[in-house]
Amino acid sequence: MKNMKNTEESIPTSEEAPQWLLDLDKVGFVRKLFLARKWYGGDWWFVAISGVLLIFIIIVGIFPQWFAPYDPRAEVGPSLLEPGEPPASFKLITRAEQGDIEFRDIANRGNNVGFIIGSDASQAFREAVDLLNETAPEGVRYQPRQQRYENLSEGFDSLAAGEIDGFIASPDELGDTLADYPELQDVGTLREEGERGFILGTNQIGQDVFSRIIWGTRIALIVGLSSAIVSLLIGVPLGLISGFTGGPFDRILTLIMDSLYSFPGLILAISIAAVLGAGIGNIIVAIAVLYIPTYFRIVRGQTLSVKEELFVEAARSLGTPKLKILAKYILPNVIPSVVIIFSVNVGDAILTEAGLSFLGFGLPPDTPDWGIDLARGQDYVRRAWWLITYPGLMVTLVTLSFSMLGESLSEILNPRLTEQ
Amino acid sequence: MTEHKILMKICDLSVTYTTRLGQVSAVDKVSFDIYKGEILGLVGESGCGKSTMGKALMRMIQPPGQITGGQIIFNGEDIMTYNENQMRDFRGRKVSMIFQDPMTSLNPVQRVDEHIVEAIQVHEPKTKVDEALERAGTLVRKLGIQKRRMNSYPHQLSGGMRQRVMVGLGLVLNADLIVADEATTSLDVIVEAKLADQLRDIRDEFGVSLLVITHNIALVAELSDRVAVMYAGHLVEIGNVEPIFDNPLHPYTKGLLRSIPNIKLNENEDLYKMAGEPPNLTHPPSGCRFHPRCPNAMPICQKYEPELVEISSGRLVKCWLYLDHPEKEQDTIEVPA
Amino acid sequence: MKDNGHKNSENQNEYLVEIKDLRKWFPVPTTFIGQIFNQEREYVRAVDGVSFNIRRGEVLGLAGESGSGKTTIGRVSIGLEEKTEGEVHFDGIDLSKLPSEDLRKLRRRMQVIFQDPLASLNPRMSLGDAIRQGLEIHYPETADQHRDIVIEIMEKVGLTPARFYYNKFPHQISGGQRQRVVIARALVTNPDLVLADEPIAMADVSVRALLLDLMVKIKDELNLTYLFITHDLATAKYICDRIAILYLGKIVEMGDLREVYGHPLHPYTNALLAAVPVPDPHERRKEPMPKGEIPNPIHPPSGCRFHPRCPYAKDICSEEEPILRELRPGHVVACHFAEMFLDKKLS
């Protein structure tokens, strides 16, 4: 027996937990979050701001109907309307001899109504017809034919000659020309000048840009999140197993992943999308494949280093089976970096998706999607700058938010930062 | 007792670290002297501030820490007032430091002789290379490093050798004080013993003062002339080595000495187990920082911090047991001079 | 605690661990050039012919400086490392013949306390969870009792209030407390053998005595056997029953601790004991230390490995390797001239 005398019978204890440590535990999680502000300084603010932004973006993505004033695919206004510009008014011109008629009178099957090619009068016309049909009694249907003319004079000549029953034009288009045609009369406005315009304007088909980008959020988030999740679910386990087991399996897998990784991203995505064909599912797959190597490499690298840690050896000495070591010892220490990659990944996936649809891959043409809008707006850069500015802004904003979140999280999730 | 000349005088030195959890008072108004030609052992557990103290003496405290008060007077001058150039001269020529891990303090791509020559040339730029090499050679032989090792790189040397090179770097410039911060902690026992012998020899031959900072109290008993004990940023006791070991006054010193394993059979067969653990310095205890663990604690100990007072010749203690205070109810212990 | 039966049965061996002629050589990585010129493979001879037994219930110390092989011997003894040559038997079972799954299950009976408590605890696992692992792995059928057992053992090692510490993480407690967690984790499976690899080296000086005391108390209470690895001979005095002094992969002296410390028969043991500083300024060391340094374990000296540094070396020492001989009861030493130290007390 060793000569170790004790004054007490029991094994000596460590002191009671110090008061300040107990106090620190008393505060709830929410207070801890705020206390963290002091600790992490700038990073805390970054996380907070990007977090709030992202929550907002996600809500927009889940409930676009709350935010978008119009159906994104509907022609709700004249085309290429500037942001905030109210749509113009349109007047109906008829022959004086037709008397005091309304649009209704010349809106039947056999009637013809004319307007200038490319003019928004066509939209005013359609609206007026729709309105008539909505308020018409049973069985009555209004469906006048449309006639397009190169310019106003031709149209007026035709009207005067009786070939058409009415002509629609905006005051700007009309100008003073009416004075030259004494046989024609202005019977009133077909459509009033709008009181409000569209916040971000309309595109060339007359769709509301604002509503489109709101609905575009949903697609972006769906594609971005789904592809990131798929990448994660494939890349992380592969990285873990590869790093842990090593050997020829690891070698081969690393080779494959490195080759994939060295491919320029967009080109790889395009190739895959081209092979797989159109459809949102295929886009998700194409983008997912792009990011699997990233998860793989990081997770594998972390696994390799964590594997050598003393606590893993301690787990082995306890008799821990290999699977449990992976799951309980290696994975939890690898997860912080995975979370960071994930958030940056989502942002990047959205960007890639926009790129793919910009190039015409994957999504059906009229889908409200930022990439598609960017593509459609390319030709109108000078005439209608709002067509690409706002979708582009959205892509940038969302990508930045995810990246900001990821980068600032990396400082906070670092396990070396302790409370002591 | 012969009068010792004071080489360095530390007055009310304070060092504070700013951490996420608040201010850590790592060294709190510590005062003591280092005499010429003495070996002073500075002991304490981890977190007591001894290493911080060592770095502070050379003004090598980096942010988030800083020296927040006090003076360090060396040869009559307060080095706290030195500018950058003066400090560079001070470090190396007047005071030199040996660290725990010599591998990281030596340049891995410089050979031993290059190290020593560089040290000489940095501080005495007019020295020619051959002269510097010769000085290096003499020194190195004195330290017990074989001549052929002069051309080796640090990784080719053993731990003990590297430490000796570090000592050599300190000596080659005729430093007056060498601070050894846990210099032997990573060494094997026999190597440590040899290095300790060497340090003593250097002191005997060159008259260099040594500040040996360590948590190895037995080493301090082996090597030093005087001992200073630190606890939680305070200097609690200082005196000559024999009286301190024979008759420790501060309760912490007492407990510490009794809790140290002694290899000799039939000596200290029952280790004393000190209650509690060193305190967290963001929230240090009030009054005397040792009072929560002190078996002799009195009510006054929690209220007021005692001063470090010389209560017998050469012995200073910071404890209410030996000091008077109007609110103190218990008797003050008298210590014979 | 559960399952004490096998410890008290009669048909056990006297020895819990039997090591015979153990060798562990680590290959030195060859360079490409070396491979071209067909250089001979070199090995770090960490353990080079070591034999000893550990009796049930005793604390055997393995002491030595760096390169002595003490840590490697410990790891091979409990199967964490494979031997190169020799025999390793645990309770009569030859570890090298065990399939890996059986070895894994056998681990329940051989646990480890590591040197660095912070590094040996999973930073992402709560303390209670960490201690519980042994129960989850080896006693999964009693899952509902696990938490209570863990609480009980946490209180036993002094981590009170246990419910408070159960959910804490390693970085939230002090070093001394962490080591208690490591100890608790090792004990929870009711092992027979505990390998303690420098368990208190990283703890604060004032806490070491507490930890040592804890380990002794627990050993008695739970009928444990310790293999205690240390470089600190002073500490060993307080816990080890027997001690083996290692030098460059071989045992140079072994016996009852107070025997060896009181009557060292090997010049290296003597030097080692003298080198340890004594916390008493009146007892300063007067003996000189052996010259030179520990040689490279890739090319150990011929004959007696200590001969280049030994003040008493003669010709035979470089030619013939001495074997362990029993010179005093229970006290063996490997030195050609150990007899001359029999009568004089060197220390």
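The values are calculated or read from the model by the stated rules, or taken from the named source; none is laboratory data. All figures in this text were calculated on a predicted structure; none of them were measured in a lab. Here the Cβ positions follow ideal geometry from the backbone for every residue, glycine too, while neighbour counts run over all protein chains shown.
Structure above, values below:
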quantity: Top-ranked residue in segment C:145-161 [being on the phi < 0 side of the Ramachandran plot and touching a residue at least 24 places away in the same chain (Cβ under 8 Å); ranked as farthest from the chain's Cα centre (by Cα)]; calculated: C:I149
quantity: Segment C:238-261 - residue that is within 11 Å of chain B (Cβ to nearest Cβ) and closer than 27 Å to C:L214 by Cβ and, of those, surrounded by the most Cβ atoms within 10 Å (Cβ to Cβ); calculated: C:V260
quantity: Residue within segment C:126-144 that is among the basic types (K, R), within 11 Å of another protein chain (Cβ to nearest Cβ) and either touching a residue at least 24 places away in the same chain (Cβ under 8 Å) or surrounded by fewer than 19 Cβ atoms within 10 Å (Cβ to Cβ) (or both) present; calculated: yes
quantity: Any hit, segment C:43-50, residues being surrounded by fewer than 21 Cβ atoms within 10 Å (Cβ to Cβ), under 15 Å from C:K250 (Cα atoms) and among the hydrophobic types (A, V, I, L, M, F, W, C); calculated: yes
quantity: Residue list for segment A:294-326, filter: under 21 Å from A:V346 (Cα atoms) and among the aliphatic types (A, V, I, L, M); calculated: A:I298, A:V299
quantity: Selection status of A:F115, in a helix (DSSP H, G or I) and touching a strand residue (DSSP E or B) at 6+ places or on another chain (Cβ under 8 Å); calculated: no
quantity: Identity of the residue in segment B:215-230, within 10 Å of chain C (Cβ to nearest Cβ) and not in a loop (DSSP other than H, G, I, E, B), that ends up surrounded by the fewest Cβ atoms within 10 Å (Cβ to Cβ); calculated: B:A218
quantity: Residues being polar (S, T, N, Q) and assigned to a helix (DSSP H, G or I) - total across segment B:93-118; calculated: 2
quantity: Segment B:235-281, residues that are of a type outside the set (A, V, I, L, M, F, W, C) and more than 23 Å from the chain's Cα centre (by Cα); calculated: B:K264, B:N266, B:E267, B:N268, B:E269, B:D270, B:Y272, B:K273, B:G276
quantity: Residue match in segment A:318-327 (condition: buried (at least 21 other Cβ atoms within 10 Å of the Cβ), touching a strand residue (DSSP E or B) at 6+ places or on another chain (Cβ under 9 Å) and assigned to a helix (DSSP H, G or I)); calculated: yes
quantity: Among the candidates B:G287, B:G276, B:G255, residue that is modelled with pLDDT under 90 and of a type in the set (G, A, S); calculated: B:G276
quantity: Within segment C:145-171, considering residues that are surrounded by fewer than 16 Cβ atoms within 10 Å (Cβ to Cβ) and in a loop (DSSP other than H, G, I, E, B), the one farthest from the other protein chains (Cβ to nearest Cβ); calculated: C:N167
quantity: Cβ-Cβ under 7 Å pairs, at least 6 apart or on other chains, segment B:55-82 side assigned to a helix (DSSP H, G or I), far side among the charged types (D, E, K, R); calculated: B:I79/B:R59
quantity: Residue list for segment C:178-219, restricted to those being more than 14 Å from chain B (Cβ to nearest Cβ) and of a type in the set (S, T, N, Q); calculated: C:T189, C:N190
quantity: Subset of segment B:247-294 that is more than 7 Å from chain C (Cβ to nearest Cβ) and among the basic types (K, R) - its residue that is nearest to C:D213 (Cα to Cα); calculated: B:R258
quantity: Lone qualifier among A:D172, A:D120, A:D176 - being buried (at least 21 other Cβ atoms within 10 Å of the Cβ), acidic (D, E) and closer than 28 Å to A:E97 by Cα; calculated: A:D120
quantity: Meets criteria (at positive phi, outside any strand (DSSP E or B) and polar (S, T, N, Q)) for B:N280; calculated: no
quantity: Segment A:347-373: number of residues that are in contact (Cβ under 8 Å) with a residue 40 or more places away in the chain and touching a Leu at 6+ places or on another chain (Cβ under 6 Å); calculated: 4
quantity: Meets criteria (modelled with pLDDT of 95 or more and crowded, with 16+ Cβ neighbours inside 10 Å) for C:G303; calculated: no
quantity: Given (1) more than 14 Å from chain C (Cβ to nearest Cβ); (2) surrounded by fewer than 18 Cβ atoms within 10 Å (Cβ to Cβ); (3) in a helix (DSSP H, G or I), number of the condition A:D348 does not satisfy; calculated: (2)
quantity: Members of segment A:351-381 found to be among the β-branched types (V, I, T) and surrounded by fewer than 18 Cβ atoms within 10 Å (Cβ to Cβ), listed by number; calculated: A:V381
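Let's see how each residue does on (1) touching a Leu at 6+ places or on another chain (Cβ under 6 Å); (2) modelled with pLDDT under 85; (3) in a helix (DSSP H, G or I); (4) of a type in the set (S, T, Y):
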| position | (1), (2), (3), (4) |
| --- | --- |
| B:I120 | no, yes, yes, no |
| B:T127 | no, yes, no, yes |
| B:V140 | no, yes, yes, no |
| B:G144 | no, yes, no, no |
| B:M166 | no, yes, yes, no |
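A quick yes/no check of all residues on (1) farther than 29 Å from A:V60 by Cβ; (2) buried (at least 23 other Cβ atoms within 10 Å of the Cβ); (3) not assigned by TED's automatic domain parsing to the domain that holds A:G61:
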position: A:I219; (1), (2), (3): no, yes, no
position: A:G243; (1), (2), (3): yes, yes, no
position: A:G265; (1), (2), (3): no, no, no
position: A:G279; (1), (2), (3): no, no, no
position: A:I283; (1), (2), (3): no, yes, no
position: A:A286; (1), (2), (3): no, yes, no
position: A:Q302; (1), (2), (3): yes, no, no
